[in-house]
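J.: Take this structure, written in structure tokens, and hold onto it; I'll ask about it next.
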Amino acid sequence: AAVAPASGPRAAAASAISAWGRIDRGPRAALRKANVHSVLALETAVLEFLEARAASGTAPPCGSGDSDGGGGATIPVDDAFGRMLVHGLAQFHGLVSTSGKHGGGVKLMVRPAAARGAAARAGLPPLAPPTGAGAD
């Protein structure tokens, strides 16, 4: 019997589990504790960056943040917990993230990892489920 290629929901779940395992312990714990709506809002900004980058081959601004001109985007966050969440989301999606104080607030810079990381994140589903999913 021929074995079908890995695709569909099981392959997506396997990719998501593999990506979850790449997240460092601290950000993973923060993602578990966080409100799903907060994670979804932050992940939307990260996914917008990925989609815009894929569509244009450049690094446009992400959400209300600024492009750094060096292949990344800045995502404004309110506190250390928000920074931890975005670092975890960046690791999940195979991105590199750095954070620091800019003016009176804190901003987090997300940029693509090396070419090897681009292949690794291809086809990953979002970490947070869509709002209303699973709520019966």
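Readers should treat all values here as calculations from the given coordinates under stated rules, not as data from a laboratory. Just so we're clear, the structure is a prediction, and the values are computed from it rather than from any experiment. For neighbour counting, all protein chains shown are included, and Cβ atoms are generated from backbone atoms with ideal geometry for every residue, glycine included.
J.: Can you order the peptides 43-51, 74-82 by their average number of other Cβ atoms within 10 Å per residue, highest first? Kindly include the intermediate steps, with their values, before the conclusion.
T.: Values: 43-51: 19.3, 74-82: 16.7.
Listed from highest to lowest mean packing, they are 43-51, 74-82.
J.: Then there is this: Where does each of 86-98, 16-28 land if you order them by average Cβ count within 10 Å, highest first?
T.: Values: 86-98: 22.5, 16-28: 13.8.
Ranked from most to least packed, the peptides come out as 86-98, 16-28.
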